[in-house]
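Working notes, beginning with the structure itself.
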Ligand code: SF4
């Protein structure tokens, strides 16, 4: 049976083609055509021997995950829904930023078993861990849809799913996205976000990408309430892993902190958050909750959000309020789902 081309890293493709009796160098030729020249039709790969091209479809498939729909928000954010077959679909969001920044937020799973209470994706049980090809495919499809003068500058693994629950596919996809034979993106422009699977955080360190941690609680009591994973790996262990990442990479950790009215937004919690993170080189992104159906949580008032942010600034934290993008098309943080009835 033929295999999905996009799931192979270059070394894995070399090995695979050799196992089929083909020459190893064919792998880098294919990478150059597909990723370098954006040619997906083997018939157009003119420097490949005809005999190799003729057999290619027996070994490899070059189809990308089809886009079911693309929605554009009033603020320019674009959301894409991809068909993964078997009645499964997944979303990516393209977010414009200042200075020509264009960030693609990709998904790594359909549904998610970690069940963070504020997250729409977490309401669906895990249905599928994506293949590396399905992750690379999200990037490639969006790239092909963009006008030539627009460039995706950053990738964040902050869409549906917990990336460290699907590490093989995530890090293989990063290999292809960053390989000079692949898309040649900088590892520093890729951020992998985790809800706190502590033993796997060294994989992010090793990959040379940036670490973001979905923190959302300044102590174990609150964090365990909104993120059940905290019961398994409590805050102390998480902070230790973050410190190791910062020590080894000399990079800052990004802490994401969702402000939930009456749950995570008090002044005491702002101070506790500062003391929790102050020894770790980091920046804190505060994210006012984006309400979605059945969440049971609410967004704090503007006044509370300002006071919370200002307290962190006063104490000396590097803190940014994440601008809410794509809220009108359910593309904002924590709003992603494959339940199309909610989004269309
Ligand atoms: S926030 Fe991330 S880890 Fe938590 S349920 Fe949602 S997708 Fe899963």
Neighbour-count order for 33, 233, fewest beta carbons within 10 angstrom listed first
233, 33
Kindly state, to the nearest 0.05, the FRET efficiency for residue 180 paired with residue 46, given R0 = 25 Å and r defined as their beta-carbon distance.
0.70
Given a Förster radius of 30 Å and the C-beta distance between residue 251 and residue 324 as r, what FRET efficiency does 1/(1 + (r/R0)^6) yield to the nearest 0.05?
0.70
Rank by packing, highest mean first: peptides 8-19, 158-169, with packing defined as the count of other Cβ atoms within 10 Å averaged across residues.
158-169, 8-19
Could you please state, rounded to a whole Å, how far the C-alpha centre of the range 80-94 is from the C-alpha centre of the range 1-66?
24 Å
Expressed as a percent, the portion of alpha-carbon pairs in the chain spaced more than 28 Å apart is 44 percent
Would you calculate, for the chain, the mean residue ellipticity at 222 nm contributed by helices, counting each DSSP H stretch of 4 or more residues as -39,500 (n - 2.57) and dividing by all residues, to the nearest 500?
-9500 deg cm²/dmol
Against the longest alpha carbon principal axis of the chain, how many degrees, from 0 to 90 and to the nearest 10, is the axis of helix 167-178 turned?
70 degrees
Stretch residue 72-residue 310 to full length: gain in nm at 0.36 nm per residue minus the Cα-Cα span?
82.4 nm
Sequence gap at least 6, Cα distance under 8 Å: using those rules, report the relative contact order of the chain to the nearest whole percent.
15 percent
Just round it to a whole percent: the fraction of Cα-Cα distances in the range 142-183 exceeding 14 Å.
61 percent
If each residue of separation counts as 0.36 nm, what is the full-extension length gain between residue 225 and residue 275 once their alpha-carbon separation is subtracted?
16.0 nm
Could you tell me how many degrees, from 0 to 90 and to the nearest 10, lie between the Cα long axis of helix 10-19 and the main elongation axis, the longest principal axis, of the Cα atoms of the chain?
40 degrees
Between the modelled labels at residue 168 and residue 298 (7 Å from Cα along Cα→Cβ) the distance in nm is 4.7 nm
Fewest first, what order do 109, 221, 291 take by the number of other Cβ atoms within 10 Å?
221, 291, 109
For the range 168-205 and the range 222-239, what is the separation of their Cα centres, given in Å?
23 Å
Taking 2.2 N^0.38 Å as the expected size of a compact globular protein, what ratio does the Cα radius of gyration of the range 3-61 give against it, to two decimals?
0.98
Sort 136-144, 261-269 by the packing proxy (mean of other Cβ within 10 Å over each peptide's residues), most packed first.
136-144, 261-269
Fewest-first ranking of 135, 190, 152, using other Cβ atoms within 10 Å as the exposure measure
152, 190, 135
Which percent, nearest 5, of DSSP beta bridges in the chain are antiparallel?
40 percent
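Just so you know, all these numbers are worked out from the coordinates, no wet-lab data involved. Keep in mind that this is a model prediction, so the values were computed, not measured. No Cβ is skipped: glycine too gets one built from the backbone with ideal geometry, and neighbour counts run over all protein chains shown.
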